[in-house]
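Chemist: One structure follows; several queries about it will come next.
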Amino acid sequence: MAGGGINMAFIWSRVYTFQQQLLIPATSRPPIIVLLFPVAQNFVELQYQGKQLSVFENRPIAIRVAAASFLLYCLAYYVKFKRSLAAHHSPVYERIASLAMELLGSLSLVSMAAVLFPEWVGPVLWILFALFLVSRTLQLGRNWLRRRVIGGVVGAVPAPEGEWDP
């Protein structure tokens with residue numbers, strides 16, 4: 001598209017190529033973060049195309065946090081995937097990996113969004129991410145405390161599906 005528009009065919013071809021490189025069965029596809037991160041990366045590339053400063057020079061901390069958190073997210077996904085295939089896998093490792101994936105995936109998307117949007121939007125995004133962390137921590141603490149109190153009175157209460165049980 002002429003005049004600085006967004007080339008959606010370019011973005012979707014990159015996402016399709018990225019999807020084809022995943023050697024994961026269709027029954028266990030990774031969460032949506034794996035699709036959103038390359039799209040955000042393509043938007044960043046398009047935003048900085050033809051500019052004197054690169055994204056690494058303009059917003060070095062945010063782009064490094066985004067890259068590092070996405071790589072750690074992929075590592076957590078790998079651990080979760082490998083542990084689920086093991087003969088004697090522990091659900092604790094799976095829950096820890098799921099929590100790490102949730103936090104690192106959110107961190108990588110917030111960092112990429114902070115790069116994409118104007119600089120004044122960045123602090124708002126980081127405040128929203130901090131609120132998300134606080135609410136998630138309180139939710140995990142509440143669930144843990146509830147299981148300990150109820151578990152001590154009534155008996156063992158299993159952790160709800162997808163919840164981390166320390």
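Chemist: Taking segment 104-148, which residues are over 27 Å from ALA40 (Cα atoms) and in contact with a helix residue (DSSP H, G or I) (Cβ under 9 Å, 6 or more places away or on another chain)?
Modeler: Of everything in segment 104-148, just one residue is over 27 Å from ALA40 (Cα atoms) and in contact with a helix residue (DSSP H, G or I) (Cβ under 9 Å, 6 or more places away or on another chain), namely LEU140.
Chemist: Could you grab the pairs with beta carbons closer than 9 Å, sequence gap of 6+ or different chains, first residue in segment 53-65 and within 12 Å of ALA113 (Cβ to Cβ), second one outside any helix (DSSP H, G or I) and open to solvent by 90 Å² or more (accessible area, probe 1.4 Å)?
Modeler: Final answer for the pair search is ARG59/GLU119.
Chemist: Checking GLN52 against (1) exposed (fewer than 11 other Cβ atoms within 10 Å of the Cβ); (2) assigned to a helix (DSSP H, G or I), which test does it fail?
Modeler: The failed condition is (2).
Chemist: Looking at segment 62-92, which of the residues that are assigned to a helix (DSSP H, G or I) and more than 18 Å from the chain's Cα centre (by Cα) is surrounded by the fewest Cβ atoms within 10 Å (Cβ to Cβ)? Break it down into steps so the answer makes sense when it comes.
Modeler: Narrowing segment 62-92 to residues assigned to a helix (DSSP H, G or I): 62-85, 91-92.
Filter once more, so that each one left must be more than 18 Å from the chain's Cα centre (by Cα): 82-85, 91-92.
Details: LYS82: 12, ARG83: 17, SER84: 13, LEU85: 9, PRO91: 14, VAL92: 13.
Per the criteria, the residue is LEU85.
Chemist: Can I ask one more? Name the single residue that is nearest to the chain's Cα centre (by Cα) among those in segment 122-153 being open to solvent by 90 Å² or more (accessible area, probe 1.4 Å) and more than 15 Å from SER106 (Cβ to Cβ).
Modeler: Among those that are open to solvent by 90 Å² or more (accessible area, probe 1.4 Å) and more than 15 Å from SER106 (Cβ to Cβ), it is LEU138.
Chemist: Right, something else. Quick check on LEU104: is it in contact with a Leu (Cβ under 7 Å, 6 or more places away or on another chain), closer than 18 Å to ILE32 by Cα and touching a residue at least 40 places away in the same chain (Cβ under 8 Å)? Walk me through how you get there before you give the answer.
Modeler: Details: in contact with a Leu (Cβ under 7 Å, 6 or more places away or on another chain): yes; closer than 18 Å to ILE32 by Cα: yes; touching a residue at least 40 places away in the same chain (Cβ under 8 Å): no.
Judged against the criteria, LEU104 is not a match.
Chemist: I need the full set of residues from segment 107-152 which are in contact (Cβ under 8 Å) with a residue 24 or more places away in the chain and basic (Lys, Arg), in order please.
Modeler: Within segment 107-152, just ARG136 meets the criteria.
The values are calculated or read from the model by the stated rules, or taken from the named source; none is laboratory data. These numbers were taken from a predicted model, which means no experiment stands behind them. Neighbour counts are summed over all protein chains in view; Cβ atoms, including those assigned to glycine, are modelled from backbone coordinates with ideal geometry. SASA here: full protein model, heavy atoms, side chains in, ligands and nucleic acids out. Shrake-Rupley method; radii C 1.70, N 1.55, O 1.52, S 1.80 Å.
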